[in-house]
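Read through the structure below, which is laid out as structure tokens, and then see the notes.
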Amino acid sequence: MFRIVLFQPEIPPNTGNVIRLCANTGAELHLIKPLGFDLDRRSVRRAGLDYHWMTAVHVHEDFAACREALACAVAPAARWYAIETGGRRRYDEVRYAAGDVLLFGSERHGLPAPLLEELGEDAVLSIPMREGNRSLNLSNAVTLVTYEAWRQNDFAIRSLAAAGSPLEMPTQPLSD
């Protein structure tokens, strides 16, 4: 239904939670390197990332490679939204459509300014919080925005694979 992109995630359990979220909502997950963890079988199991077989997980060398891969796979109407502290629009003020891309930054650094500029001001969304707080946990933020997008689409359960996008494992096979 939606494509979730994690830019340089650092904490394995956060990514594990997002993989589980994708498995349960039909979303597709894209991870942009460098990752703060290994994708070998032992690390995946230990970090709770072992839901990867239930959803599409793609690993990209950098943001440009991810954009290129999704440009080939995503319908022209799909939009990119970056969820970042300081965005001028709230995440719930957008009308999401199937295939939209939801981009989240790393736990410590968020998203780089040049990347946000590339997407444009209208594509940068925020989650309201009490003043003085830094941010929500990454997996909580992804869950909040994904469920809002899914709710707006009447919780339609339609995988992107069914729409013509192949389900695939990470580009690097899991090893022992």
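The values are calculated or read from the model by the stated rules, or taken from the named source; none is laboratory data. Treat the numbers as computed from the prediction; the structure is a model and nothing was measured. Cβ sites come from the backbone with ideal geometry, for glycine too, and all protein chains shown count toward neighbours.
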Can you name the residue in region 135-174 that is touching a Lys or Arg at 6+ places or on another chain (Cβ under 8 Å) and closer than 16 Å to Asp100 by Cβ and, of all such residues, is modelled with the highest pLDDT?
Gln152
Cβ-Cβ under 6 Å pairs, at least 6 apart or on other chains, region 66-79 side farther than 16 Å from Ala123 by Cα, far side outside any helix (DSSP H, G or I) and modelled with pLDDT under 75
Ala73/Ser165
Collect the residues in region 1-16 that are surrounded by fewer than 20 Cβ atoms within 10 Å (Cβ to Cβ) and modelled with pLDDT under 90, keeping them in residue-number order.
Pro12, Pro13
Here the residues within region 12-39 that are closer than 16 Å to Ser106 by Cα and assigned to a helix (DSSP H, G or I) are Pro12, Pro13, Asn14, Thr15, Gly16, Asn17, Val18, Ile19
Being farther than 19 Å from Asn14 by Cβ and out of contact with any strand residue (DSSP E or B) (no Cβ under 9 Å at 6 or more places or on another chain) is the filter here, so list the residues in region 93-117 that pass it.
Arg95, Ala97, Ala98, Ala113, Pro114, Glu117
Quick check on region 131-160: of everything there that is farther than 15 Å from Gly86 by Cβ and charged (D, E, K, R), which residue is surrounded by the fewest Cβ atoms within 10 Å (Cβ to Cβ)?
Asp154
Arg79: farther than 16 Å from Leu29 by Cβ and surrounded by fewer than 12 Cβ atoms within 10 Å (Cβ to Cβ), yes or no?
no
Single residue of Glu118, Glu131 found to be part of a loop (DSSP other than H, G, I, E, B), without any contact (Cβ under 8 Å) to a residue 24 or more places away in the chain and charged (D, E, K, R)
Glu131
